[in-house]
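Worksheet: the structure to be examined is printed underneath.
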Amino acid sequence: MSTPRIVLASQSPRRRELLSLIGVPHEVQPADIDETPWPDEAPVPHAQRLAEEKARVVAERHPDAIVIGSDTIVVIDGAILGKPQDAAEARAMVSRLAGRTHLVHTAVAVARAAHVVSEVETVEVTFRPLDAAQIAAYVATGEPMDKAGAYGIQGYGATIVERVHGDYFAVMGLALGRLVALLRQQGVEYAFGPPTWVDTPAIDSPGVR
């Protein structure tokens, strides 16, 4: 069996790290799409749409490859918290999350030419209470500035998280269990190392778009 060419449609160092962690060789080709939510677009469909668009855009450029797209959003009180524009916004986001439980939705999409399958993993994350000085000190590390919700669970942010109910890796940015299942739908088998093509063709499922 041969190993497919796998392309990650993301610049995220966390997603690259996770693919390398499970032994998946890959290239990086950012999709560079407009990530603005549509009017009245709910959080889960928003994340899924973006993951699919990322995978589809890059697959059009690389039809011979298996393309992985992903999008992670943080939601509290029904509002999506994106990446903060500056330190003041980062402090406001972390203050809003402090001492409360929020949702992290991570969508994963896998494209094989024009065929795209996708799923969304939802995780509950609870922050411990934080005072203004702690929040300012965390933001001053710079870690929140390129992350949805203004925190990184795999870095300094690990110390402000009290509890995670669900897939830790989805909070990092890539739901690995979902990814393996979607690769299988696209005719690629993961067996604890570089994925390989299987003889069966890609199959349809409720997640197919």
Worksheet item: Looking only at the stretch 9-22, which residues are closer than 15 Å to Val180 by Cβ, within 15 Å of the chain's Cα centre (by Cα) and hydrophobic (A, V, I, L, M, F, W, C)?
Response: Leu18, Leu19
Item to complete: Search the stretch 107-154 for residues being crowded, with 16+ Cβ neighbours inside 10 Å and free of Cβ contacts under 8 Å to residues at least 40 places away in the same chain, and hand back the single one that is farthest from the chain's Cα centre (by Cα).
Response: Leu130
Practice prompt. Give me the pairs, please: first residue somewhere in the stretch 169-192 and in contact (Cβ under 8 Å) with a residue 12 or more places away in the chain, second residue anywhere and part of a helix (DSSP H, G or I) and among the aromatic types (Phe, Trp, Tyr), beta-carbon distance under 6 Å, and either six or more positions apart or on two chains.
Written response: Leu176/Phe169
Item to complete: List the strands (runs of 3 or more DSSP E) that sit entirely inside the stretch 1-99 and contain at least 2 residues that are touching a residue at least 40 places away in the same chain (Cβ under 8 Å) and among the small types (Gly, Ala, Ser).
Response: 66-76
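Just so you know, all these numbers are worked out from the coordinates, no wet-lab data involved. None of the values given here were measured: they were computed from a predicted structure. We place every Cβ from the backbone using ideal geometry, glycine too, and count neighbours over all the protein chains shown.
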